Amino acid sequence: MRLSNRCYAVTGLGYSPPWCVNAGFVVGEQLTLVVDAGGNTLAAQSIHGYASAARPANQLRVVNTEKHFDHIGGNGFFREQGIDVWGHAAIARSAAEFEAEIAEFNAAIPDPVRRARGEAHAFFHGTHLANPNRQIHEDSTFDLGNCLAEILLTPGHTAANLSVWVPEDGVLYTGDLVVREYLPNLGSGAPADWQLWLASLDRIEALHPSVLVPGHGPVARGAEIPTALDAVRKVLQESIAGRPLSDMI
Ligand SMILES: [Zn+2]
């Protein structure tokens, strides 16, 4: 969907049910920046098609918001097209980890015949693991041609999380720093990480985005944004405290 003059979201890309993952792209006058690659080659082909059609003469560049496979599984397709993939220096997934993810999906298939057939591989048809070939170590700015995209390190969900901010359009892509409708995934961290996550939420709230593309769930606009951030904050605060917290403080 088109979010602004230059910014688009590609929502609802499939992953392990009930999870859908989002991607997006920002179209400058020379470069189109793709934000996340989807979970597999089929998703990457859809993202690539939309991003290429928006301004066909542009070069493409990909940036990953984190290291989980739902955001980087499509990297291999983009690399096969000769497209650079940027990501946090801490993104370094192994082939064994990727195989384990596929095996976990397959083990969750209820039908024993389908499970024995290894149908999880259908989801990853033609998908090859590729880590970013360009590393990001600090906050950075990409000049897309008459359009700046700021890459902001926003750790917490994982140490490798980053967000993409397009200040002129007021559009922010957060990856899994923010999810809507879903519960935030705390499986990659501990309370010290969740404190960082809270600080990252404060940081992006101070930008006052008008549109926010979460890692999962519907795009948030206007007054939906502080509500979405507060929902994530509440889960983090309760997890840090180890107990439910009353709304009446
Ligand atoms: Zn995710």
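Which count do you get for residues in the range 155-165 that are in contact with a strand residue (DSSP E or B) (Cβ under 7 Å, 6 or more places away or on another chain) and assigned to a loop (DSSP other than H, G, I, E, B)? Break it down stepwise before answering.
At the first step, the residues of the range 155-165 found to be in contact with a strand residue (DSSP E or B) (Cβ under 7 Å, 6 or more places away or on another chain) are 156-157, 160-165.
Then keep just the ones that are assigned to a loop (DSSP other than H, G, I, E, B); that gives 156-157, 160-161.
The qualifying residues number 4.
Taking the range 58-84, which residues are in a helix (DSSP H, G or I), more than 16 Å from the ligand (Cβ to nearest atom) and surrounded by 15 or more Cβ atoms within 10 Å (Cβ to Cβ)?
Across the range 58-84, the qualifying residues are G76, F77, F78, R79.
Does the range 171-191 contain any residue that is without any contact (Cβ under 8 Å) to a residue 40 or more places away in the chain, assigned to a loop (DSSP other than H, G, I, E, B) and buried (at least 19 other Cβ atoms within 10 Å of the Cβ)?
Yes.
When residues of the range 1-34 are filtered for being of a type in the set (S, T, N, Q) and away from the ligand (no atom under 14 Å from the Cβ), how many remain?
So the answer is 4.
For the range 35-57, which positions are away from the ligand (no atom under 16 Å from the Cβ), without any contact (Cβ under 8 Å) to a residue 60 or more places away in the chain and touching a helix residue (DSSP H, G or I) at 6+ places or on another chain (Cβ under 9 Å)?
Q45, H48
Out of all the residues in the range 109-154, which are hydrophobic (A, V, I, L, M, F, W, C), over 17 Å from the mean Cα position of the chain (by Cα) and not in a strand (DSSP E or B)?
Of all residues in the range 109-154, those hydrophobic (A, V, I, L, M, F, W, C) come to 109, 113, 116, 120, 122-124, 129-130, 136, 142, 144, 147-149, 151-153.
Okay, now just the ones that are also over 17 Å from the mean Cα position of the chain (by Cα), so 109, 113, 116, 120, 122-124, 142, 144, 147-148.
Selection gives I109, V113, A116, A120, A122, F123, F124, L144, C147.
Residues in the range 144-158 that are surrounded by fewer than 17 Cβ atoms within 10 Å (Cβ to Cβ) and either within 23 Å of P218 (Cα to Cα) or within 16 Å of the ligand (Cβ to nearest atom) (or both): how many?
The total comes to 1.
Confirm whether E168 is among the acidic types (D, E), farther than 27 Å from P218 by Cα and outside any helix (DSSP H, G or I).
No, not satisfied.
Count, please, the residues in the range 16-39 that happen to be crowded, with 21+ Cβ neighbours inside 10 Å and within 13 Å of the chain's Cα centre (by Cα).
Qualifying residue count, the range 16-39: 11.
Of the conditions (1) within 16 Å of the ligand (Cβ to nearest atom); (2) over 19 Å from N185 (Cβ atoms); (3) in a strand (DSSP E or B), G87 fails just one. Which one is it?
(2)
Among the residues of the range 193-205, is any within 12 Å of the ligand (Cβ to nearest atom), crowded, with 16+ Cβ neighbours inside 10 Å and among the polar types (S, T, N, Q)?
no
Among the residues of the range 137-171, write down those that are out of contact with any helix residue (DSSP H, G or I) (no Cβ under 9 Å at 6 or more places or on another chain) and farther than 26 Å from A54 by Cα.
Across the range 137-171, the qualifying residues are H137, E138, D139, A160.
Among E101, E97, which is the only one that is within 16 Å of the ligand (Cβ to nearest atom), surrounded by fewer than 17 Cβ atoms within 10 Å (Cβ to Cβ) and either within 27 Å of L152 (Cβ to Cβ) or among the acidic types (D, E) (or both)?
The match here is E97.
FYI, it's all coordinate maths here, none of it is from the lab. Note that the structure is predicted; figures quoted are calculated from it, not measured. We place every Cβ from the backbone using ideal geometry, glycine too, and count neighbours over all the protein chains shown.
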